[in-house]
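Student: Take this structure first; my questions come after.
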Amino acid sequence: MMKHLFLTFLFSLVVIVSTNAQEDYKHKDLKKHFENTEFYTVADLPQNANFKKKPKNIILLIGDGMGVVQVFSAITANKGKINMSQMPYVGFSQTQSADNYVTDSGAGGTALSTGQRTYNGAIGVDVNKQPIPTILELSEQNGLATGLVSTSSITHATPASFIAHIPDRNLYEDIAADFLKVEVDVFIGGGKDFFAKRKDERNLVDELKQKNYQVYNSLEESKDVESGLLAILTSDKHNEVYPNRGNMLPDATQKAITILQKNKKGFFLMVEGSMIDWGGHANNTGYIVQETLDFDRAIGKALKFAATNKETLVIVTADHETGGMTIEGGSMTEGKVDGNYTTGGHTAVMVPVFAYGAGADKFAGIYNNTEVFAKMKALFGF
């Protein structure tokens with residue numbers, strides 16, 4: 001009996017250590033006040049641009065952990081205007097998972113990517129751990145180009161939910177292997193170690209090259225690439241926080257659009273601003289605001305393309321809110337924000353959905369997170 005209890009304890013300890021190793025960004029660093037010094041100009045968007053009724057292209061941008069307070073903190077920090085605030089159609093997504101009132105990113109991402117709610121920790125599988133087709137996979141099957149961009153490891157929960165079918169979000173190497181099963185045209189993010197330094201000794205980088213992928217370690221290395229299959233693994237695991245990583249996210253978003261738009265049938269692109277969530281876990285106002293503003297600059301790249309293309313829908317939303325953030329004071333003239341927090345984890349509140357371009361009017365109202373998938377699928381006509 002004692003031996004059984006000891007083995008059970010030991011197994012539990014291993015699981016806890018393993019999980020913490022995968023999610024070592026979840027540490028508290030309480031900093032309530034932030035004063036911005038890096039302002040940017042937001043170009044006015046045409047609001048009546050004769051958009052098509054149905055999009056040929058959809059760009060879905062997910063601000064992980066981004067609730068309305070995170071959005072308003074970014075508006076305040078950039079002196080009253082960001083790209084998101086120009087998107088004319090706004091709705092709200094209810095984020096609950098199948099087994100929990102408070103979702104995690106695995107279940108939240110899977111609801112957005114597949115239209116089904118599942119258990120916390122799931123990646124692209126239902127409550128019975130069976131694979132569910134994702135909007136990216138359906139796009140690929142229908143001849144569209146596809147792309148994924150993330151500031152985290154590309155195998156992290158949200159991007160993984162669009163391409164992998166794994167019962168546990170912490171199985172990073174299994175998730176990486178699923179990238180060999182779907183021909184996503186462009187993927188950019190961290191996580192090289194999960195492709196190249198694996199326990200099973202497979203070298204997925206070499207396998208990608210055998211499938212005609214052009215594989216690079218940075219956007220700079222790939223600057224001359226404008227077509228073909230492209231994988232850019234920008235760090236061994238996760239990328240650095242903003243501003244240390246520079247303009248990686250806006251530049252990666254533009255890179256993906258440049259390549260994907262060459263498909264005459266259209267494209268689907270998912271872009272994640274991962275570390276808004278991490279700032280929420282830390283209860284660090286500056287961390288949240290800077291990551292949200294960086295995410296907004298990536299949104300600006302998508303909106304600029306949609307404004308001229310006329311056949312593109314841009315959707316901005318979140319998988320959940322993190323931190324229970326509120327704003328207790330600030331100044332729009334000075335870019336100051338005073339935040340406070342109710343938790344170091346996720347919350348159950350609704351998150352915003354912004355839309356611009358072809359079919360954007362379909363995203364107003366209050367609905368379950370699964371409806372984002374349903375609306376995208378219907379607009380694509382799958």
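Student: Step by step: find N for segment 219-373, compute 2.2 N^0.38 Å, then divide the Cα radius of gyration by it. What's the final number? Can you show the working numbers first?
Tutor: Working: Rg = 17.2 Å, N = 155, 2.2 N^0.38 = 15.0 Å.
My calculation over the Cα atoms of segment 219-373 gives 1.15.
Student: If each residue of separation counts as 0.36 nm, what is the full-extension length gain between ASN128 and GLN94 once their alpha-carbon separation is subtracted? If you can, show how the numbers build up before the last one.
Tutor: On the way: separation 34, 0.36 × 34 = 12.24 nm, distance 2.23 nm.
Length gained, ASN128 through GLN94: 10.0 nm.
Student: Which of TYR216, TYR341, TYR101 has the fewest other C-beta atoms within 10 Å, and how do the rest follow up to the most?
Tutor: Working: TYR216 17, TYR341 22, TYR101 9.
Ascending number of Cβ neighbours within 10 Å: TYR101, TYR216, TYR341.
Student: So, counting K/R as plus one and D/E as minus one, what does the shell of residues with Cβ under 9 Å around ASN283 add up to?
Tutor: Values: positive: LYS28, LYS31, LYS32; negative: ASP29.
Here the count lands on +2.
Student: Separation between the HIS33 and THR258 pseudo-spin-labels, each 7 Å from Cα along Cα→Cβ, expressed in nm?
Tutor: Taking the simple label geometry, HIS33 and THR258 are separated by 4.2 nm.
Student: How far, in nm, would the chain grow between ALA49 and LYS304 when pulled straight, counting 0.36 nm per residue and subtracting the alpha carbon separation?
Tutor: Values: separation 255, 0.36 × 255 = 91.80 nm, distance 1.20 nm.
The ALA49-LYS304 span can extend by a further 90.6 nm.
Student: Another question, if that's okay. Positive end of the charge dipole of the chain (Lys, Arg +1 and Asp, Glu -1 on Cβ, about the Cα centre): tell me which of ASN203, TYR287, GLY108 has its Cα farthest that way.
Tutor: Result: GLY108, furthest along the dipole toward the positive end.
Student: Separate question: Quick one: compute the contact order of the chain, relative version, from alpha carbon pairs under 8 angstrom and 6+ residues apart, as a percent.
Tutor: Details: 922 pairs, mean separation 118.0, N = 382.
Here the relative contact order equals 31 percent.
Student: A further question follows. Spin-label point model (7 Å from Cα, Cβ direction): what's the ARG202 to LYS223 distance in nm?
Tutor: Computed distance between label sites ARG202 and LYS223 equals 3.5 nm.
Student: For the chain, return all DSSP H helices satisfying: extent of Cα atoms along own axis at least 20 Å; mean Kyte-Doolittle hydropathy at least 0.5. Kindly include the intermediate steps, with their values, before the conclusion.
Tutor: Numbers: long enough: 2-22 (30 Å, 1.30); 285-309 (36 Å, -0.02).
Passing helices, by number: 2-22.
Student: Continuing with this model, one more query. Quick check on segment 222-300: what does the Kirkwood estimate of hydrodynamic radius come out to from the alpha carbon pairs, in Å? Write down the numbers at each step before the final one.
Tutor: On the way: mean 1/r = 0.0721 Å⁻¹.
Its Kirkwood hydrodynamic radius stands at 13.9 Å.
Student: Could I ask something else about it? Near MET84, within a Cβ-to-Cβ distance under 12 Å, what is the net charge of the other residues, with Lys and Arg +1 and Asp and Glu -1? Working shown, then result.
Tutor: Details: positive: LYS81, ARG297; negative: ASP296.
Local net charge: +1.
Student: When a footprinting reagent is the concern and you count Cβ atoms within 10 Å, what order do LEU144, LEU61 take, fewest first?
Tutor: Details: LEU144 23, LEU61 27.
The most exposed by this proxy come first: LEU144, LEU61.
Student: While we're on this one: How large is the convex hull of the C-alpha atoms of segment 151-269 per residue, in Å³?
Tutor: Per-residue hull volume (Cα only) is 103 Å³.
Student: Kindly flag which residue pairs out of LYS31/LYS81; LYS129/LYS377; LYS79/LYS304; LYS54/LYS362; LYS262/LYS310; LYS56/LYS310 have an alpha-carbon separation exceeding 19 Å in this structure. Intermediate values should be presented prior to the final figure.
Tutor: Working: LYS31/LYS81 24 Å; LYS129/LYS377 22 Å; LYS79/LYS304 21 Å; LYS54/LYS362 10 Å; LYS262/LYS310 15 Å; LYS56/LYS310 9 Å.
Table pairs above 19 Å Cα-Cα are LYS31/LYS81; LYS129/LYS377; LYS79/LYS304.
Student: Moving on to the next point. Multiply the residue gap between VAL182 and THR343 by 0.36 nm, knock off their C-alpha separation, and tell me the result in nm, one decimal place. Working shown, then result.
Tutor: On the way: separation 161, 0.36 × 161 = 57.96 nm, distance 3.76 nm.
Length difference between fully extended and current span is 54.2 nm.
Student: For segment 62-167, what is the convex hull volume of its Cα atoms per residue in Å³?
Tutor: Numbers: hull volume 12.7 nm³, N = 106.
Taking the convex hull of the Cα positions in segment 62-167, it is 120 Å³ per residue.
Every number here is computed from the coordinates shown, using simple stated rules; none is lab data. Note that the coordinates shown come from a computational prediction; the quantities given were computed from them, not determined experimentally. FYI the Cβ positions are ideal-geometry reconstructions off the backbone, even for glycines, and counts take in every protein chain you see.
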